[in-house]
1. I'm checking my understanding of the structure. Among residues of segment 9-24 that are without any contact (Cβ under 8 Å) to a residue 24 or more places away in the chain and assigned to a loop (DSSP other than H, G, I, E, B), which one is farthest from HIS37 (Cα to Cα)?
2. What are the residues in segment 29-41 that are part of a strand (DSSP E or B), open to solvent by less than 70 Å² (accessible area, probe 1.4 Å) and not hydrophobic (A, V, I, L, M, F, W, C), if any?
3. Working only within segment 42-70, note down all residues that are touching a helix residue (DSSP H, G or I) at 6+ places or on another chain (Cβ under 8 Å) and either modelled with pLDDT of 90 or more or open to solvent by less than 80 Å² (accessible area, probe 1.4 Å) (or both).
4. When segment 80-95 is examined, which residues are found to be in contact with a Ser or Thr (Cβ under 7 Å, 6 or more places away or on another chain) and buried (at least 20 other Cβ atoms within 10 Å of the Cβ)?
5. Among the residues of segment 96-118, how many are open to solvent by 80 Å² or more (accessible area, probe 1.4 Å) and farther than 27 Å from TYR28 by Cα?
6. Counting only residues that are on the phi < 0 side of the Ramachandran plot and not in a strand (DSSP E or B), how many does segment 45-63 have?
7. Being closer than 22 Å to ASP92 by Cβ, polar (S, T, N, Q) and open to solvent by 50 Å² or more (accessible area, probe 1.4 Å) narrows it down to one residue among ASN15, ASN26; which is it?
8. Any residue in segment 120-135 that is part of a loop (DSSP other than H, G, I, E, B), in contact with a Pro (Cβ under 6 Å, 6 or more places away or on another chain) and modelled with pLDDT of 80 or more?
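The values are calculated or read from the model by the stated rules, or taken from the named source; none is laboratory data. Computed from a predicted structure; not experimentally measured. So basically every Cβ, Gly included, is an ideal-geometry build from the backbone, and we count neighbours across all protein chains shown. Protein only, heavy atoms only, side chains kept; ligands, DNA and RNA dropped before computing areas. Shrake-Rupley method; radii C 1.70, N 1.55, O 1.52, S 1.80 Å.
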Amino acid sequence: MNLPKGYTYNPNNKNSIAYCINNRINKYVDTTHLENHTIEVPVYKNKIIYGEEISTKKYSVTLSAPNMFEMFSAATDDFSGSYWCLNTSQQDGVAAAITEIGVPDNQEIAPYTSLSSRLVAFFKKDSVVVGGSGVEDDPYKIK
């Protein structure tokens, strides 16, 4: 993906990770049981610090990245993944990520930075989890 200057989290911008999550990942994730929800993307002046956002933007999406401050950890069992978060800054190139050991990274994201996606979704009211444990080898079974 060719990331634009600023790395803003915007599901309407084809160069944004948010666009990929909301419009391309659904090729690999069954969204039948998911409903659209509104996310509020906080925008910070420089560093991404809780309570110091200068504005927010709302978007209606099916899938999104988590907010850095709502996510207690993104570490996997084998500590192999770092994850994009939806928090962004007006400062060029600064975006939020959770590192492979579960620590927030609040620095400039370089074009060669490799980060994964962890999805946030909301199930429709009539959906029921009937099995599975929600991990790669045993995903949830929903009906």
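1. Among those residues, the one meeting the criterion is ASN15.
2. Going residue by residue through segment 29-41, those that are part of a strand (DSSP E or B) are 34-35, 37-41.
Narrowing further to those that are open to solvent by less than 70 Å² (accessible area, probe 1.4 Å): 34, 37, 39, 41.
Across segment 29-41, the qualifying residue is only HIS37.
3. ILE48, TYR59, VAL61, THR62, LEU63, SER64, ALA65
4. Selection gives SER82, TYR83, TRP84, LEU86, THR88, ALA95.
5. Result for segment 96-118: 2.
6. Of the residues in that region, 9 qualify.
7. One residue alone meets the criteria, ASN15.
8. Looking through segment 120-135, at least one residue is part of a loop (DSSP other than H, G, I, E, B), in contact with a Pro (Cβ under 6 Å, 6 or more places away or on another chain) and modelled with pLDDT of 80 or more.
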